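**Student:** I am attaching a structure below and will ask some questions about it afterwards.
The values are calculated or read from the model by the stated rules, or taken from the named source; none is laboratory data. Note that the structure is predicted; figures quoted are calculated from it, not measured. Note: ideal-geometry Cβ built from the backbone for every residue, glycine included; neighbour counts use all protein chains shown. Quick note on the areas: whole protein, heavy atoms, side chains included, nothing else; ligands and nucleic acids left out. Shrake-Rupley method; radii C 1.70, N 1.55, O 1.52, S 1.80 Å.
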Amino acid sequence: MNGTCPTAPRRQRRQPAVVLLALSACLALTGCQISGTTNEPTSQGSTMSTSEFSTLDAAGVDRIRDSKTARLDMSSGKLEKAAVRVTEDSYGPEINTKDSGKIKLTIVAPSGEISGETDRIRLNTTNKRPDFSEVTYFLTAGSPDEYFELIRDGVARYGIDADSAERWIAGAQRDPERKTDFSITSGTSTGLDVNYDLRYDGGKDTQVIIVHVRPTD
């Protein structure tokens with residue numbers, strides 16, 4: 001009896017210490033979890049602010065549709081699938097906002113930017129490529145003069161062949177009702193191949209330029 005008495009109090013004295021240690025560990029873990037949860041929006045916010053580029057996964061496409069802005073990073077000369085959060089075997093999305101307004105699209109090139117307001121963005125690739133072979137978007141104009149202005153803007157900004165462009169414009173001015181498809185010689189001043197594919201029909205109210213943006217190699 002006497003030999004066991006000292007042991008019991010020692011065990012009793014240890015129990016609060018064990019509970020306290022367990023509680024401290026629990027609080028420490030909880031504190032980590034709370035801290036992580038608290039910081040997650042901040043981290044996401046930081047990512048959004050420091051990573052200015054759009055993604056092309058389902059969530060990214062929804063953001064593009066909602067915000068009517070898209071910014072793609074081709075500063076390396078390519079648009080990598082991994083960088084826009086699509087799988088390597090993916091063909092990528094087609095984004096069409098004809099019913100809800102135009103998207104302000106910007107493509108960051110190795111030298112400068114390519115930009116325009118469009119209601120359709122399309123990506124070309126294969127299920128074997130890690131990147132997209134081409135980004136295509138559509139420019140529209142409501143009058144011949146606006147159309148010619150878009151063409152000359154491409155010449156000035158992207159190095160599209162001026163002589164080829166002006167010959168086509170002169171022909172369209174002589175024959176306003178003409179219907180023609182014509183691809184102007186590409187420009188590469190941005191470090192990307194920018195091609196203006198003219199789809200013109202003088203009998204229609206809206207004229208279209210299909211812009212193809214490709215790696216130069």
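**Student:** Hey, if we sort 137, 91 by accessible area with the 1.4 Å probe, largest down, what's the order?
**Tutor:** Ranking 137, 91 by accessible area, largest first, yields 91, 137.
**Student:** Going down the table (81/128; 102/204; 179/204; 68/102; 68/98), which pairs top 18 Å between alpha carbons?
**Tutor:** Too far apart for the 18 Å limit: 102/204.
**Student:** Mind checking region 47-142 for trypsin sites (Lys or Arg not before Pro) that DSSP puts in a loop (not H, G, I, E or B) and that have at most 11 other Cβ atoms within 10 Å?
**Tutor:** 98, 128
**Student:** Considering the Cα trace of region 106-172, what is its radius of gyration and what is Dmax, both in angstroms?
**Tutor:** Reported Rg and Dmax, both Å: 14.4, 43.
**Student:** Can you give the log10 of the normalised intensity I(q)/I(0) at q = 0.15, 0.19, 0.25 Å⁻¹, computed with Debye over equal Cα scatterers of region 152-207?
**Tutor:** Here log10 of I(q) over I(0) equals -0.44, -0.66, -0.97.
**Student:** Follow-up. Once both labels are modelled 7 Å past Cα along the beta-carbon direction, what's the residue 178-residue 68 spacing in nm?
**Tutor:** For residue 178 paired with residue 68, the spin-label model returns 3.4 nm.
**Student:** By what distance, in whole Å, do the Cα atoms of region 58-214 stretch along each of the three principal axes, largest value first?
**Tutor:** The principal-axis extents, from largest down, are 49, 33, 25 Å.
**Student:** A further question on this structure: Give me the extension gain from residue 91 to residue 104: residue separation times 0.36 nm, minus the current Cα-Cα distance, reported in nm with one decimal.
**Tutor:** Between residue 91 and residue 104, full extension yields an extra 2.4 nm.
**Student:** Using the Karplus equation 6.51 cos²θ - 1.76 cosθ + 1.60 (θ = phi - 60°), what ³J(HN,Hα) coupling, rounded to whole Hz, does each residue of region 60-67 give in order, writing x for Gly and Pro?
**Tutor:** 3J(HN,Hα) across region 60-67, in whole Hz: x, 5, 4, 5, 4, 4, 6, 8.
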